[in-house]
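Nothing in this text is a laboratory measurement; each read-out follows from the coordinates by a stated rule. The structure displayed is predicted, hence computed values, not measured ones. All Cβ positions, even for glycine, are placed from backbone atoms using ideal geometry, and neighbour counts span all protein chains on display.
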Amino acid sequence: MTSRDPSLPDDTGDLADEELRRALDRATAIAADYLRDVGERDVLPQIEPGDVSRQLGVSPPAYPVSMEIILDDYQRIIEPNLSHWNHPSFFSYFAITGSGPGLVAETLAASTNVNAMLWRTSPAAVELEARVCDWLRQMIDLPSEFVGHINDTASSSTLVALAAARHRAFPGVRQLGWVGLARELQGLPVIYASEHVHSSIDKSALTLGLGTEQVRKIECDAEFRMDAGALARAIAVDRAAGNHPFAVVATAGTTSTTSIDPINAVADICERELLWLHVDAAYAGSAAICPEIRQLMGGLERADSIVLNPHKWLFVQVDCSVLLTRGYDGLREAFSLVAEYLETDEDVVNPMDLGPQLGRRFRALKLWMVIRAFGLDGLKRRIRAHCAYARLVAERLDSHDKFEIVAPVPLSTVCFVHTGGDAANVELIRRVNATGKAFLSHTSLGGQTVVRVAIGNLRTTPHHIDALINTVISIGAEL
Ligand SMILES: Cc1ncc(COP(=O)(O)O)c(C=O)c1O
């Protein structure tokens, strides 16, 4: 082989400068048109499973396809067949927004394509990540010992937090693993969370080698908040049986109803019992930038770790989940493992030491741009508006004899039922979603199917809220 070998490519194969600019200009136009007009589309595509696959090439192309054709196909096959999370009437799960500043940041992050695994591999990304996490810490009024780093999702952040909790309680697990420790431990390691905790906590436990039975589900009060007395009793039962409690997960903003566990009471128990307290504030943590909402989370500052997702309610593109912990040591002790080829001599915090992954996307850029472009006041105003819309939905439906509000509305999510029972609720959701004008989801409370309206998109206006209420009332009247 020589450098003149004709089988070697004589160009990069990448887009030439002019082609790149043309493609980016077109992508910019597509994105801006999409965001301007997304509210005119049906929220959900009216398609069946397999409809998209049938339009996609079965085999990969052997030869280059022009960006013109690829973007045509994107507009023809992909974009219209998405469920539109950026639609102002997307009220399912937790509604979110990928905002303009976040979009700009994601484009730039993709252009630099840095891998923020070590300070050396991307100094600005690593330092920006620490700084924006500290901004967030200040925004939700936490003491300065909390430090943050960014993961993809709350599921990952919680996994990392519970791994640190496990390491603090059972340092031998790092060398011996659970199986190796079993002989010495005899009893079972256990963690506690409310019966309304998100499934990601069970998945973390599974990943860490616990069984789902070792995630004790603590009963809740009438407002879906963990009963701290029941927590204390469950821990006592486990201790008496020779088991090993090591962590409690409290939720600030549960998925079904957005209830907030009594964090102070749970923290009292954790301090007394020497248990790690992790707070899952994936959804509601962003709203804690409003002091009146932060007040609902008294005791948050006593946690060992807290997860909040700016990609849920701080208008940052998926994915962006911030894990705040008291210093980095707990994470480093659980995870740091520096291969020779990754050693550097700077005295810095290297993000690869804070979790299982080595390679890391440059997520801090979008969080930084969104916080700056909205400003703290701008973010607070939007969150307060979403909460006000939720109160309006609750008031209007509650005053109607066909509907009942079945959970308090502390934030921006409303849970209600139709008086016709489960079948009517399922049918109501089906028909509302079939209109294409709104997207609702369900949950289960006390064995009952419940309709959820989750508000959190920047483009949602009183007009969309009115339209939703009117649609629900008119469909509800037919059931
Ligand atoms: C309270 C809560 N925790 C965790 C999660 C999981 O979030 P993620 O998709 O970022 O893993 C969710 C998802 O909605 C949630 O509502």
task = May I ask you to evaluate 6.51 cos²θ - 1.76 cosθ + 1.60, the Karplus curve with θ = phi - 60°, for each residue of region 88-97 and list the ³J(HN,Hα) values in order in whole Hz, giving x for glycine and proline?
result = x, 10, 7, 10, 8, 6, 10, 5, 9, 9
message = Between Val58 and Ser111, what is the label-point separation in nm under the 7 Å Cα-to-beta-carbon projection?
response = 4.1 nm
inquiry  = Only bridges whose two residues both fall in the chain count here: according to DSSP, what percent of them are antiparallel, nearest 5?
reply    = 55 percent
message = Under 5 Å between amide hydrogens, which residues at least 5 positions from Trp276 or on another chain qualify, with H placed 1.01 Å from N in the peptide plane?
response = Ala247, Val248
message = Over region 162-297, what is the relative contact order in percent, taking alpha-carbon pairs closer than 8 angstrom and at least six residues apart?
response = 24 percent
message = Using Cβ contacts closer than 10 Å as the measure, can you line up Val348, Val370, Val316, Val114 from fewest to most?
response = Val348, Val114, Val370, Val316
ask   = According to a simple spin-label model (label point 7 Å from Cα along Cα-to-Cβ), what is the distance in nm between Arg76 and Ala434?
value = 3.1 nm
Computed E for Arg384/Thr12 - FRET, C-beta separation, R0 35 angstrom, nearest 0.05 = 0.10
inquiry  = Which one, Thr28, Val38, Pro123, projects farthest toward the positive side of the charge dipole computed for region 16-134 from Cβ point charges (K/R +1, D/E -1)?
reply    = Pro123
ask   = By counting other Cβ atoms within 10 Å of each Cβ, how are His418, His244 ranked from fewest to most?
value = His244, His418
message = Below 8 Å between Cα atoms, with a sequence gap of 6+, how large is the relative contact order for the chain in percent?
response = 21 percent
ask   = ³J(HN,Hα) across region 367-379 via Karplus (A = 6.51, B = -1.76, C = 1.60, θ = phi - 60°), whole Hz, x for Gly/Pro?
value = 5, 4, 5, 5, 4, 6, 6, 8, x, 4, 5, x, 5
inquiry  = List the residues, sorted by chain then number, that are 5 or more residues from Gly299 or on another chain and whose placed amide H is less than 5 Å from its amide H.
reply    = none
Amide H within-cut-off set for His244, under 5 Å, with H built and near neighbours excluded = Leu188, Val190
note = Here region 102-110 yields Karplus 3J(HN,Hα) values (6.51, -1.76, 1.60; θ = phi - 60°; whole Hz; Gly and Pro given as x) of x, 5, 4, 5, 5, 5, 5, 4, 5
message = Using a 10 Å cut-off around each Cβ, can you sort Ile77, Ile306, Ile475, Ile201 from fewest to most neighbouring Cβ atoms?
response = Ile77, Ile475, Ile201, Ile306
query = How high is the relative contact order of region 110-216, in percent, with contacts defined as C-alpha pairs under 8 Å that are six or more residues apart?
reply = 20 percent
